[in-house]
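A.B. asks: Take this structure first; my questions come after.
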Amino acid sequence: MNNQFDIAISKEALALMPIAHFGGDVTVVDTPEGVEAAIARLYSQPVVGFDTETRPNFQKGEMHKVSLMQVSGPGHCYLFRLNHVGLSDTLVHWLSNPSLIKVGLSLKDDFHQLHRLREFEPGGFIELQKLVRDYHITDSSLQKIYGIIFGERISKGQRLTNWEAPVLAQSQQAYASLDAYACLKIYNTLKSGLFVPADSPYIVSPQQQ
């Protein structure tokens, strides 16, 4: 096949896919002691998936600070409730460590939100939207990238829920964990060579885009 080809998926094809799930453990971190324990464990993970959530704005002029930071290894996701614990020195040191790879999507938006809590220099971050271009994938949303590679659909039903609720619902925890884990799974699959672009059923011609 010609090396000049693109891979993209339609909304219709994505809608037919089975729903993806995160099957690992989830720990909600909402105390300073919990932050210390979670970060100590995460230092043993050389690569993790990363994401954040912010309470949605429904009124003009309304603006909320980032509520949640999700960090996922292959079998365990930590949900840091930043509206409870803030961005502590421990979290900032981990976020700035260049030797620990943190994989996310639309990281510029995450950094913008986190910097509203505290300034820091991000280190070790990899932007999936940039990485997937090396594999001919032109879609930029996590849903579509995940669907192209794994044939499953990430439900976005919890995205606009209240991330500052007193207790995070199980559905919120599942959604937030999957978003972070999906970034890690995509990165590992691409880097391991398990995704072969030329074999994708979603190759499109320029006229189809």
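A.B. asks: If I filter the stretch 178-199 down to residues being among the β-branched types (Val, Ile, Thr) and over 20 Å from Glu53 (Cβ atoms), which single residue comes out as most open to solvent (accessible area, probe 1.4 Å)? Working first, answer last.
C.D. replies: If we filter the stretch 178-199 for residues that are among the β-branched types (Val, Ile, Thr), which is where we start, we get 186, 189, 196.
Now narrow it down to the ones that are over 20 Å from Glu53 (Cβ atoms): 189, 196.
Working: Thr189: 20, Val196: 68 Å².
So, considering only residues that are among the β-branched types (Val, Ile, Thr) and over 20 Å from Glu53 (Cβ atoms), the one most open to solvent (accessible area, probe 1.4 Å) is Val196.
To keep it simple, each residue is scored yes or no on (1) touching a helix residue (DSSP H, G or I) at 6+ places or on another chain (Cβ under 6 Å); (2) hydroxyl-bearing (Ser, Thr, Tyr); (3) at pLDDT below 95; (4) on the phi > 0 side of the Ramachandran plot.
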{"residue": "Trp163", "(1), (2), (3), (4)": "no, no, yes, no"}
{"residue": "Leu178", "(1), (2), (3), (4)": "no, no, no, no"}
{"residue": "Ala182", "(1), (2), (3), (4)": "yes, no, no, no"}
{"residue": "Lys191", "(1), (2), (3), (4)": "no, no, no, no"}
{"residue": "Val196", "(1), (2), (3), (4)": "no, no, no, no"}
{"residue": "Tyr202", "(1), (2), (3), (4)": "yes, yes, no, no"}
{"residue": "Gln209", "(1), (2), (3), (4)": "no, no, yes, no"}
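A.B. asks: Being under 12 Å from the mean Cα position of the chain (by Cα), closer than 13 Å to Val48 by Cα and without any contact (Cβ under 8 Å) to a residue 60 or more places away in the chain is the filter here; which residues of the stretch 79-114 pass it?
C.D. replies: Scanning the stretch 79-114 gives a single hit, Lys102.
A.B. asks: Now for a different question. Going residue by residue through the stretch 92-113, is there one that turns out to be open to solvent by 30 Å² or more (accessible area, probe 1.4 Å) and touching a Ser or Thr at 6+ places or on another chain (Cβ under 7 Å)? Write out each step before concluding.
C.D. replies: Our first condition is that a residue be open to solvent by 30 Å² or more (accessible area, probe 1.4 Å); within the stretch 92-113, this holds for 93, 96-99, 101, 106, 108-109, 111-113.
Then keep just the ones that are touching a Ser or Thr at 6+ places or on another chain (Cβ under 7 Å); that gives 113.
Yes, the conditions are met somewhere in the stretch 92-113.
A.B. asks: Anything in the stretch 95-147 that is closer than 21 Å to Arg81 by Cβ and assigned to a helix (DSSP H, G or I)? List them, or say none.
C.D. replies: Passing the criteria: Leu95, Ser96, Leu107, Asp109, Asp110, Phe111, His112, Gln113, Leu114, His115.
A.B. asks: Quick one: in the stretch 165-177, which of the residues that are open to solvent by 60 Å² or more (accessible area, probe 1.4 Å) and in a loop (DSSP other than H, G, I, E, B) is nearest to Leu14 (Cα to Cα)?
C.D. replies: Ranking the qualifying residues of the stretch 165-177, first place goes to Val167.
A.B. asks: Sticking with this one: Out of curiosity, is Ala37 outside any loop (DSSP other than H, G, I, E, B) and free of Cβ contacts under 8 Å to residues at least 12 places away in the same chain? Before the answer, list the steps.
C.D. replies: Values: outside any loop (DSSP other than H, G, I, E, B): yes; free of Cβ contacts under 8 Å to residues at least 12 places away in the same chain: yes.
Answer is yes for this residue.
A.B. asks: Conditions: (1) open to solvent by 30 Å² or more (accessible area, probe 1.4 Å); (2) free of Cβ contacts under 8 Å to residues at least 40 places away in the same chain; (3) part of a helix (DSSP H, G or I). Lys156 meets all but one. Number of the miss?
C.D. replies: All conditions are met except number (3).
The values are calculated or read from the model by the stated rules, or taken from the named source; none is laboratory data. Being a predicted model, the structure only gives us computed values, none of them experimental. Neighbour counts run over all protein chains shown; Cβ positions are idealised from the backbone, glycine included. Surface accessibility is based on the protein's heavy atoms, side chains included, excluding ligands, DNA and RNA. Shrake-Rupley method; radii C 1.70, N 1.55, O 1.52, S 1.80 Å.
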